[in-house]
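These notes are about the structure you will find just below.
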Amino acid sequence: MVREKIKYRGRGLKTDRWFYGYFVKSYKKNKNGDCFIVDSDGRYHNVRCDTIGEFIGRKDANGKEIYEGDEVRVEDVKKEGIVRYNEVYCEWYVEFEDGLTLDFGMVALMNYKVKVLGNIYEETGGIEK
């Protein structure tokens with residue numbers, strides 16, 4: 001079994017640019033915020049803490065990485081939802097607009113096609129947040 005690298009994304013504090021890499025949270029409050037993404041070159045990027053999302057270890061039907069907070073469409077059930085993490089069961093799932101959920105274990109088992117539409121932090125014209 002191939003284990004995907006644990007990584008995160010966060011939206012820049014002073015820009016709308018997304019940064020990808022390791023997540024670091026400073027316990028020392030400073031004027032620039034306290035959340036950072038460290039990229040593959042070791043550079044620290046100050047990001048908005050409320051936009052941090054973890055890579056779930058899966059890619060969509062088009063090969064795009066899926067992150068916590070992504071808006072996705074599960075083609076096989078013809079529904080759109082938001083990728084979330086369940087801390088009780090320690091699993092990733094899609095929460096649909098009607099309140100129903102589908103965990104990614106079942107998505108993999110049933111070989112469902114998932115497509116990333118956008119994310120909850122940007123206006124994509126998709127799901128209401």
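Scanning the stretch 64-92 for residues that are over 26 Å from Thr15 (Cβ atoms) and assigned to a loop (DSSP other than H, G, I, E, B) yields Glu75, Asp76, Val77, Lys78, Glu87, Val88, Tyr89, Cys90.
Within the stretch 106-126, can one find any residue that is assigned to a strand (DSSP E or B) and among the acidic types (Asp, Glu)? Among the residues of the stretch 106-126, not one is assigned to a strand (DSSP E or B) and among the acidic types (Asp, Glu), which makes the answer no.
On inspection, Gly81 passes the criterion of being touching a residue at least 24 places away in the same chain (Cβ under 8 Å), among the small types (Gly, Ala, Ser) and within 25 Å of Phe19 (Cα to Cα). The residue that is surrounded by the fewest Cβ atoms within 10 Å (Cβ to Cβ), counting only those in the stretch 99-124 that are in contact (Cβ under 8 Å) with a residue 40 or more places away in the chain and of a type in the set (Phe, Trp, Tyr), is Phe104.
Those residues that are closer than 18 Å to Asn119 by Cα and in contact (Cβ under 8 Å) with a residue 12 or more places away in the chain, I need them from the stretch 88-97; list them, please. Trp92, Val94, Glu95, Phe96, Glu97 - these are the residues of the stretch 88-97 that are closer than 18 Å to Asn119 by Cα and in contact (Cβ under 8 Å) with a residue 12 or more places away in the chain.
The set of residues from the stretch 88-98 being among the β-branched types (Val, Ile, Thr) and loosely packed, with under 14 Cβ neighbours inside 10 Å comprises just one member, Val88.
Residues that are in a loop (DSSP other than H, G, I, E, B), at pLDDT 90 or above and in contact with a Lys or Arg (Cβ under 9 Å, 6 or more places away or on another chain): does the stretch 21-29 have at least one?
Narrowing the stretch 21-29 to residues in a loop (DSSP other than H, G, I, E, B): 26-29.
Imposing the further condition that a residue be at pLDDT 90 or above reduces the set to none.
Among the residues of the stretch 21-29, not one is in a loop (DSSP other than H, G, I, E, B), at pLDDT 90 or above and in contact with a Lys or Arg (Cβ under 9 Å, 6 or more places away or on another chain), which makes the answer no.
This table checks each residue for (1) closer than 18 Å to Lys113 by Cα; (2) surrounded by fewer than 15 Cβ atoms within 10 Å (Cβ to Cβ).
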| position | (1), (2) |
| --- | --- |
| Cys35 | no, no |
| Ser40 | no, yes |
| Ile52 | no, no |
| Asn62 | yes, yes |
| Tyr67 | yes, no |
| Arg73 | yes, no |
| Asp76 | yes, yes |
| Lys79 | yes, no |
| Asn86 | no, yes |
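The values are calculated or read from the model by the stated rules, or taken from the named source; none is laboratory data. Keep in mind that this is a model prediction, so the values were computed, not measured. Counting neighbours? That spans all protein chains shown, and the Cβs are built from the backbone with ideal geometry, glycine included.
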